[in-house]
Amino acid sequence: MTTENPDLKTLIRKLEKRHQKKQATTALAAGTGVLALTVLVAPLFMQPVASQVVEAPQPFTPVASPDAFADVRLEGKAAIVFDLTTQETLYERNARSQLPLASLTKLLTVYAAANTLAPESQVVISSSALAAEGESGFTEGETFTFTDLARFVLISSSNDGAAAIAEAAATKQALSGKNLLAGAAAAAGLSQTYALNGTGLDESTSVSGGYGSAYDVARLSGALLEKAPEIAHATVASRGTVRSTTGVVHTLPNTNPNVVSIPNLLLSKTGFTDLAGGNLAVVYDAGIGHPVAIVVLGSTREGRFNDVERLIARTHEYFIGSAP
């Protein structure tokens with residue numbers, strides 16, 4: 001897989017070495033200054049100079065480079081790089097356009113359920129949930145805790161698992177599934193997002209199961225990280241495993257094969273249907289405690305991964321500048 005930028009890991013290593021060199025230089029200069037002050041002052045006053053405490057060098061604060069995203073080439077119809085700390089959009093392409101979300105809809109489903117179900121709430125796989133397209137290996141009547149099943153759903157993009165979670169949360173609230181999801185979108189301030197089902201599967205050849213904008217998905221990703229970090233953080237695992245209350249174990253691979261190669265990844269979710277094309281949302285830490293959401297909609301099955309890699313590399317340039 002290639003990008004327009006140097007290999008991401010190599011770039012990060014270079015940046016870390018440059019930062020360490022700056023720290024060492026700062027510390028050396030500070031120590032030299034203290035020594036010189038001691039030599040000059042002691043003879044004048046003929047008394048010992050109080051020991052000086054050298055403050056640890058402060059982390060290097062780079063100057064943002066607004067041109068970092070200039071001429072970036074993407075396959076996606078829409079994209080955004082959104083700073084979740086400052087709530088600032090660093091880059092966007094049609095970021096407010098409402099497009100099919102495919103399985104990114106599952107982020108909304110899990111977020112809605114997290115506002116309704118307790119972590120240990122029991123979720124039963126019903127026959128109607130099993131009717132959803134796709135096979136996760138579940139059988140009717142299997143029961144899981146909400147948190148365990150939600151992790152598995154987002155990692156593997158399990159449709160029957162997502163349908164079961166939506167059913168459980170809707171029943172708890174005495175709402176229809178659509179109203180449950182609509183209420184969650186409204187509560188999160190997602191004005192361009194609505195869902196017809198909890199999986200994101202296309203309802204027909206012309207109607208998607210969920211719609212939203214790259215901007216909304218970025219904000220939803222941040223909201224899920226804040227609301228249920230134990231679920232969101234699990235999405236960076238290479239495989240998802242869930243155990244039913246009777247001890248049956250199910251394991252499936254992550255639908256994003258690149259989770260193992262993206263440094264400081266905090267959340268990942270894929271989506272793909274005929275109507276949506278390739279979608280991908282990730283959140284990664286661009287600095288200590290500085291999460292950035294990157295969302296691509298309407299790309300291709302493989303292009304979505306390339307698009308996000310390019311945007312991550314450009315985001316590093318934005319914050320730190322190109323490594324020498």
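Nothing in this text is a laboratory measurement; each read-out follows from the coordinates by a stated rule. Predicted model, so just to flag it, every value in this text is computed and none were measured. Glycine also receives a Cβ, built like all others from the backbone with ideal geometry; neighbour counts cover every protein chain displayed.
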Beta carbons within 10 angstrom, averaged per residue: use that to sort the peptides 176-186, 129-139, highest first. 176-186, 129-139
Can you list, largest first and rounded to whole Å, the semi-axes you get for segment 203-270 by taking the square root of 5 times each eigenvalue of its Cα gyration tensor? 24, 19, 14
With point charges of +1 on the Cβ of Lys and Arg and -1 on the Cβ of Asp and Glu, referenced to the Cα centre of segment 66-320, which listed residue (F144, H290, A79) lies farthest in the positive direction of the dipole? H290
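Cα-based Rg of segment 66-320 per 2.2 N^0.38 Å, rounded to two decimals?
Values: Rg = 17.0 Å, N = 255, 2.2 N^0.38 = 18.1 Å.
That works out to 0.94 for segment 66-320.
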From phi via Karplus (6.51, -1.76, 1.60), per-residue ³J(HN,Hα) for segment 97-113 in Hz, x at Gly/Pro: 6, 8, 10, x, 9, 6, 6, 5, 4, 4, 4, 5, 4, 5, 5, 4, 5
Report the gain in length on full extension from A118 to E203: 0.36 nm times residue separation, minus Cα-Cα distance, nm rounded to one decimal. 27.6 nm
Row for segment 229-317, column shape: gyration tensor on C-alpha, a ≥ b ≥ c, rounded if a/c < 1.5 i.e. under 1.5, prolate if a/b over b/c, else oblate; value oblate
Using the per-residue mean of other Cβ atoms lying within 10 Å as a proxy for protection, in what order, highest first, do the peptides 285-298, 221-234 fall? 285-298, 221-234
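Compare the peptides 70-79, 188-197 by average per-residue count of other Cβ atoms within 10 angstrom and give them in order, highest first.
Working: 70-79: 17.2, 188-197: 19.5.
Ranking, from highest mean packing down: 188-197, 70-79.
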